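> Have a look at the structure that comes next, please.
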Amino acid sequence: MAYSEDILNKSIDPATQEMLARMKELDIETIWDRLEAMQPQCGFGELGVCCRNCTQGPCRIDPFGEGPQLGVCGATADTIVARNLLRMTAAGAAAHSDHGRDIAHTLLETGLGKTEGYEIKDEAKLMALATEYGIETEDLSKEKIAVAVARVAYAEFGAQEGPLHFLGRVPKVRQELWEKLGLVPRGIDREIVECMHRTHMGVDHDYVNLTLHGLRTSIADGWGGSMIATDFSDVLFGTPKPLRSLSNLGTLKQDEVNIILHGHEPTLSEMIVAAANDPELIALAKKYGAKGINLVGMCCTGNEVLMRQGVPIAGNFLQQELAIATGAVEAMIVDVQCIMPAVVNVANCFHTKIISTSPKAKFPGATHIEFHEEHAYTIAKQIVKAAVENYRARNKGRVHIPDETMELMAGFSVEAIVAALGGSLDPLLNAIKSGDIKGLAGVVGCNNVKAKHDYGHLRLVENLIQDNILVVNTGCNAIACAKAGLLLPGAAEKAGDGLKAVCKALGIPPVLHMGSCVDCSRILVALAAVANALGVDISDLPVAGAAPEWMSEKAVSIGSYFVASGVYTILGIVPPVLGSKALTELLTDGAEGVVGAKFGVATDPDEMSRLMIEHIEKKRESLGI
Ligand code: BF8
Ligand code: SF4
C-alpha cells in the first residue's frame with residue numbers, strides 16, 4: 001500500500017507504517033504527534049546548558065555568548081553540561097543495576113525456598129559463578145550455593161571498596177589502566193550515589209573530574225549491575241541457545257487472547273510465560289471463544305523471553321502504542337523502563353487492560369496487580385486470567401492486525417556463540433586474522449521518535465555486514481534487525497563474501513542477537529575473551545560500537561562503559577553536550593588518549609558505518625593483520 005510522505009518519513013517498518021495510517025484514521029494520538037506538538041523543543045536543554053540543581057536557578061548559559069555565561073552560583077557551561085551528563089549516567093546505571101539487584105534477590109529467595117515457580121535452570125553457570133566468587137561448594141546443595149552466590153552479588157551493590165568481582169573478567173592491561181586512572185568502581189550503589197553528591201549544588205565543578213566519575217559509574221553498570229542481571233538470569237532461567245521465532249505486529253493473533261509482555265525484568269515475564277501455558281487458563285480462553293492464549297514480547301523483556309523461550313517479539317520501543325491500536329490486545333503487562341505512560345491513553349480507546357506489576361512503576365489509569373516472587377506463579381496466573389477474561393470485551397469489528405511477520409534466529413549468548421564455533425573461539429579468531437571477517441561491531445540501543453524508526457539501525461547494520469563485519473546486537477536494534485530478516489542465516493546473502501562464507505559454514509546469521517540491553521554485558525565478556533585470546537587490550541581490537549537511535553539514559557551508561565572498556569562508540573543521536581565545547585572535545589577526542597577509545601557522533605548511518613569501518617581497518621593495521 002502507498003502511504004503518505006509523512007508516514008514514510010516516520011518509519012521504514014511496514015507494520016508501523018500500516019498502524020500509523022490506521023491510528024490516523026481512528027484519530028488516536030501517537031508519540032509522533034506529541035513530538036510535533038512539542039516543537040520547538042528547548043534549545044538550552046538540547047545543548048545541556050540549563051541547570052535546575054538548586055532553587056537559585058533555573059539557570060541557563062547563553063550559547064551565543066551574548067547573555068549570561070555563568071549560572072547564578074558561577075557554574076560555567078562546562079560544569080553544567082558535565083553535571084547533567086553525569087546525572088544521565090547515574091540514572092541509566094541505576095536502572096540497569098537495580099534490575100540486576102532484583103534478579104539477585106530472586107536467586108537468593110529461590111535458594112532459600114521462599115519463591116514460587118522459580119528454579120535453578122543452569123547449574124553449571126551457578127557453579128562457575130561460585131568458583132569465580134571464591135565460594136567453597138563441596139557438599140553444598142545447589143540451593144545453598146545459590147544463596148551464597150546471591151549474597152556475594154548483593155554485597156557488590158553496597159560495597160564500600162572495590163574491585164567488583166566481575167572486573168576479574170577484564171583483560172589485565174585494562175584493569176591496570178583503570179587502577180591507574182582511578183576508574184575501578186568500589187560498590188555499584190556507591191558510585192551512583194556519588195554521582196548525585198557530586199552534582200549537588202556547590203560540589204564538583206571540574207568537567208574532567210565529573211566525566212571520569214561518569215566512566216567509573218558506567219563500569220559499575222556494565223561490569224557490575226548489568227552483568228549480574230545477565231548472569232543471574234541465565235542461572236535462573238537458562239543460558240540462551242540458538243532458536244527460531246517470529247517478529248513484528250503480525251505475531252498478534254486474530255482468534256486468540258493476545259498478551260503483550262512489555263518492560264525489562266525476566267522475573268515477571270518468565271512466570272507469565274509459564275502461566276500462559278497453564279491448561280486451566282487455556283481452557284478458560286477456549287470457553288470464551290478464543291483458540292488459545294498468544295503471548296508476545298515487546299522491548300527488552302520481550303528479548304529476554306525470546307532468547308530463552310522463543311516467545312515471538314511484537315516490536316520495539318516505538319511500536320508500543322501501535323500494538324494496542326490493533327484492537328486485538330487483551331492485556332499489556334508492564335514492569336519497569338521504556339514503558340510510555342501514553343499506553344494507557346491508547347488502551348482507553350480499546351478494551352485493552354494495561355496491567356502494571358512493579359511497586360516501583362505505577363501508571364495512572366492502569367490496573368495494578370503487584371508482583372512478588374513469593375507468590376510469583378499464583379500472581380502470574382491471576383494476571384493472565386485477567387487478560388483471558390478481557391477477551392470477552394474485544395470488539396472484533398475494530399481489530400486491525402498488520403499481516404507482517406518475519407522469521408528470526410536468536411539466542412546467541414557467549415556460550416552459544418562458542419558452541420556454534422565448535423567449542424572454541426579459534427575459528428572466529430582465524431577468520432578475523434585472515435580477513436574473512438574484518439572485525440566485530442556491537443550495534444545496540446533504542447528507537448528515538450526524532451529519527452526515522454528503524455532506518456538508522458538497519459542501514460548501519462547492512463552496511464557493516466556488507467563490509468564483512470560481524471554484527472552482534474541487543475535491545476531495540478536486535479528487534480529492528482529481526483523484523484527486517486537480518487537475524488536469519490539467509491541474511492548472509494547480504495554480507496560480503498568473507499563473512500558470507502563463515503556464516504554459511506557455521507549456519508549462523510551475520511547479525512547475532514545477544515539479548516536485552518543488560519545483555520550488552522555479554523558483548524563485554526565476548527570482547528574480553530577475544531582480547532585475552534589475542535593477548536591484547538580491548539582497545540586494540542578491530543571492533544566498534546554504535547547506538548544509532550538511542551534515547552534512554554541507560555544508553556548513556558552503556559555507551560560510556562563501552563568507551564571506558566576501550567571500544568570506539570558512535571552515537572546516532574546527538575547527546576545534550578554541545579553547549580560545552582570542552583566536554584564535547586573530551587568525549588569525542590581527548591578520551592582516546594586516556595582510555596584508548598572515544599565517542600563519535602554521526603546522524604547519518606552511512607557516515608556511522610564509514611567511521612566504524614575506518615576505525616576497524618586502523619586497528620587491523622596496528623595489529624598487523
Ligand atoms: O533496555 S533499547 S528503548 S527497550 S533502553 Fe528501552 Fe532503549 Fe529499547 Fe530495553 Ni534498552
Ligand atoms: Fe543555577 Fe548554580 Fe543553582 Fe545550577 S546550582 S541552578 S547553576 S545557581
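> If you check 350, 317, which single one turns out to be closer than 25 Å to residue 398 by Cα, at pLDDT 95 or above and out of contact with any strand residue (DSSP E or B) (no Cβ under 9 Å at 6 or more places or on another chain)?
Unique residue meeting the criteria: 350.
> I've got another one for you. With 329, 305, 346, 296 as the choices, which residue is part of a strand (DSSP E or B) and either surrounded by 24 or more Cβ atoms within 10 Å (Cβ to Cβ) or not polar (S, T, N, Q) (or both)?
On inspection, the qualifying residue turns out to be 296.
> What are the residues in the range 501-517 that are on the phi < 0 side of the Ramachandran plot, of a type outside the set (Lys, Arg) and outside any loop (DSSP other than H, G, I, E, B), if any?
501, 502, 503, 505, 506, 511, 512, 513, 514
> In the list 419, 431, which residue meets the criterion of being within 18 Å of residue 307 (Cβ to Cβ), in the same structural domain as residue 572 (by TED's automatic domain parsing) and part of a helix (DSSP H, G or I)?
419
> Shifting gears a bit: Return the residue satisfying two criteria in turn: it lies in the range 56-102 and is within 16 Å of ligand 1 (Cβ to nearest atom) and hydrophobic (A, V, I, L, M, F, W, C), and of such residues it is farthest from residue 156 (Cα to Cα).
The residue in question is 88.
> Against the condition more than 25 Å from residue 359 (Cα to Cα) and buried (at least 24 other Cβ atoms within 10 Å of the Cβ), how does residue 259 come out, does it pass?
no
> Scan the range 105-120 for residues that are closer than 20 Å to residue 379 by Cβ and touching a residue at least 60 places away in the same chain (Cβ under 8 Å) and report the count.
11
> Return the residues of the range 577-625 that are closer than 29 Å to residue 45 by Cβ, assigned to a loop (DSSP other than H, G, I, E, B) and touching a helix residue (DSSP H, G or I) at 6+ places or on another chain (Cβ under 6 Å); say none if nothing qualifies.
577, 578, 579, 580, 597, 598, 602
> Within the range 454-493, which residues are of a type in the set (D, E, K, R) and farther than 22 Å from residue 416 by Cβ?
Passing the criteria: 454, 459, 462, 467, 493.
> Let me ask you something else. Here's a check for you: in the range 550-576, which residue that is outside any helix (DSSP H, G or I) and polar (S, T, N, Q) is surrounded by the fewest Cβ atoms within 10 Å (Cβ to Cβ)?
This residue is 552.
> Cβ contacts < 7 Å: first residue within 16 Å of residue 311 (Cα to Cα) and assigned by TED's automatic domain parsing to the domain that holds residue 318, restricted to the range 473-490; second residue at pLDDT 95 or above and near ligand 1 (Cβ under 10 Å from one of its atoms), any location; separation 6+ or different chain. Result?
Correct list of pairs: empty, since none qualify.
Every residue, every condition in (1) at pLDDT below 95; (2) closer than 30 Å to residue 552 by Cα; (3) not hydrophobic (A, V, I, L, M, F, W, C), yes or no:
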{"position": "92", "(1), (2), (3)": "no, yes, yes"}
{"position": "99", "(1), (2), (3)": "no, yes, yes"}
{"position": "102", "(1), (2), (3)": "no, yes, yes"}
{"position": "107", "(1), (2), (3)": "no, yes, no"}
{"position": "135", "(1), (2), (3)": "no, no, no"}
{"position": "141", "(1), (2), (3)": "no, no, yes"}
{"position": "147", "(1), (2), (3)": "no, no, no"}
{"position": "164", "(1), (2), (3)": "no, yes, no"}
{"position": "172", "(1), (2), (3)": "no, no, yes"}
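> Where residues in the range 592-609 are within 23 Å of residue 527 (Cβ to Cβ) and in contact (Cβ under 8 Å) with a residue 60 or more places away in the chain, which of them is farthest from the chain's Cα centre (by Cα)?
Looking at the filtered set, the residue picked out is 594.
> Evaluate the range 470-478: report whether one residue or more is over 21 Å from residue 413 (Cβ atoms), under 25 Å from the mean Cα position of the chain (by Cα) and surrounded by 21 or more Cβ atoms within 10 Å (Cβ to Cβ).
So far as the range 470-478 goes, no, none of its residues is over 21 Å from residue 413 (Cβ atoms), under 25 Å from the mean Cα position of the chain (by Cα) and surrounded by 21 or more Cβ atoms within 10 Å (Cβ to Cβ).
> Here's something else I'd like to know. Whether any residue in the range 398-411 is assigned to a helix (DSSP H, G or I), more than 16 Å from ligand 2 (Cβ to nearest atom) and modelled with pLDDT of 95 or more is what I want to check.
Yes - at least one qualifying residue is present in the range 398-411.
The values are calculated or read from the model by the stated rules, or taken from the named source; none is laboratory data. Every value quoted in this text rests on a predicted model; they were computed, and no experiment measured them. With ideal geometry, Cβ positions are generated from the backbone for all residues, glycine too; neighbour counts draw on all protein chains shown.
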